[in-house]
1. Check off (1) in contact with an Asp or Glu (Cβ under 8 Å, 6 or more places away or on another chain); (2) over 24 Å from residue 29 (Cα atoms); (3) part of a helix (DSSP H, G or I) for residue 82 and give me the number that stays unchecked.
2. Are any residues in region 66-110 polar (S, T, N, Q) and either in contact (Cβ under 8 Å) with a residue 40 or more places away in the chain or closer than 24 Å to residue 32 by Cβ (or both), and if so, which ones?
3. Please pick out the residue among 25, 64 that is closer than 29 Å to residue 195 by Cβ, touching a Leu at 6+ places or on another chain (Cβ under 7 Å) and modelled with pLDDT of 90 or more.
4. Out of (1) closer than 19 Å to residue 202 by Cα; (2) outside any helix (DSSP H, G or I); (3) open to solvent by 20 Å² or more (accessible area, probe 1.4 Å), what's the single condition that is false for residue 47?
5. When region 150-165 is examined, which residues are found to be surrounded by 15 or more Cβ atoms within 10 Å (Cβ to Cβ) and part of a helix (DSSP H, G or I)?
6. Just give me the residues in region 58-79 being closer than 23 Å to residue 204 by Cβ, among the hydrophobic types (A, V, I, L, M, F, W, C) and in a helix (DSSP H, G or I), in sequence order.
7. It is to be established whether one or more residues within region 178-189 are under 20 Å from the mean Cα position of the chain (by Cα) and either surrounded by fewer than 15 Cβ atoms within 10 Å (Cβ to Cβ) or at pLDDT 95 or above (or both).
8. Under 7 Å by Cβ, and 6 or more places apart or on different chains, what pairs join a residue from region 159-182 that is more than 14 Å from residue 199 (Cβ to Cβ) with one that is outside any helix (DSSP H, G or I)?
Amino acid sequence: MTVLLVLACDIMIGVIRNTRFRKVLDWECDPEKYLKMIDRQERKYRRNSRAVTILDINRAAAYLIMGDYSKALEYLNSIEESELSEKNDSYYVYTINRILCYYELGEIEKAEALYETELVRLCPYGNRLKKSVEILVGERYFFLHRYEESYAYLKKLLSCDLHKRQYLGILYRLALMDHINGEKELAMGKYKKIVKQGNKLWIARDASERLKELD
C-alpha cells in the first residue's frame, strides 16, 4: 500500500512539474527560465538515460525557440534514437524539431527527406501533438516558398485552440509573408503584437528589428 501511495504521489508531482514547465515555455514565453529548470532536473535524473534524453529534447526545443537552430540541432543529433519511443511521443517531438531545425538552417533537402520518410508514417496521439504537426505543415509550405498555401493554412489555424507561443509563432510567419507581399501595415500590426506579447522569444526580438526597418 505504501509503495502504491509513493508511486501515485510521484506521478502527481510529475504532472504538476510538467504543467509548470509548459506554462513557462508556452504561456510566459521564457525559454531562458525554461532552460534553467531543465538544468535542475538533469542534476536530479542524470543517472536515468531515458529521462536525460527527454530533457535534451526539451532543451533543443528551447534553443530552437531562442533562434539558435545550430545548438538545437546539436542536442538533437547527440540523442540515441534507441532511447526514444513512439508510445510516449518522444520520437515524434524529436522528429518534428529536427525537421524545423533543418528548414530554418536552409537544409531543405534534409528537412524534406525526414518529413517524407519519418513524419508521414507516424501517427500522433493527443490534440497537443496533432496541433504541432498541423503548424509544421503550414511552416513547410513557407520554406518551400508556397506562400499562398502557407498563408491560407496558417491563418485558418489562428482560430484553433492554441497556447500563446503557438499563436505568436503563426502570427510571425504570417507577418513575414505580409512583409514579402508588400503589405506593410498588416505586417507592422502583427509585428507589434508579437513584440508586446513575445517576452523572450526570438521572434519578438526579430519582430522588433523588422519594425524599425519598416518605420
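The values are calculated or read from the model by the stated rules, or taken from the named source; none is laboratory data. Bear in mind that the values here come from a model prediction, so they are computed numbers and not experimental data. Here Cβ is always computed from backbone atoms with ideal geometry, including for glycine, and neighbour counts include all displayed protein chains. To get the accessible areas, we keep the full protein, side chains included, count just its heavy atoms, and leave off ligands, DNA and RNA. Shrake-Rupley method; radii C 1.70, N 1.55, O 1.52, S 1.80 Å.
1. In the conditions (1) in contact with an Asp or Glu (Cβ under 8 Å, 6 or more places away or on another chain); (2) over 24 Å from residue 29 (Cα atoms); (3) part of a helix (DSSP H, G or I), residue 82 misses (1) alone.
2. Step one: list which residues in region 66-110 are polar (S, T, N, Q), which gives 70, 77-78, 82, 85, 88, 90, 95, 97.
Those that are polar (S, T, N, Q) and either in contact (Cβ under 8 Å) with a residue 40 or more places away in the chain or closer than 24 Å to residue 32 by Cβ (or both): 70, 77, 78, 90, 97.
3. On the way: 25 fails: touching a Leu at 6+ places or on another chain (Cβ under 7 Å).
Just a single option satisfies the conditions, and that option is 64.
4. Tallying (1) closer than 19 Å to residue 202 by Cα; (2) outside any helix (DSSP H, G or I); (3) open to solvent by 20 Å² or more (accessible area, probe 1.4 Å), residue 47 fails exactly one: (1).
5. Residues of region 150-165 that are surrounded by 15 or more Cβ atoms within 10 Å (Cβ to Cβ), as a first pass: 150-151, 153-155, 157, 162-165.
Hits for region 150-165 are 150, 151, 153, 154, 155, 157, 164, 165.
6. 60, 61, 62, 64, 65, 72, 73
7. If we filter region 178-189 for residues that are under 20 Å from the mean Cα position of the chain (by Cα), which is where we start, we get none.
No - not one qualifying residue is present in region 178-189.
8. 170/158
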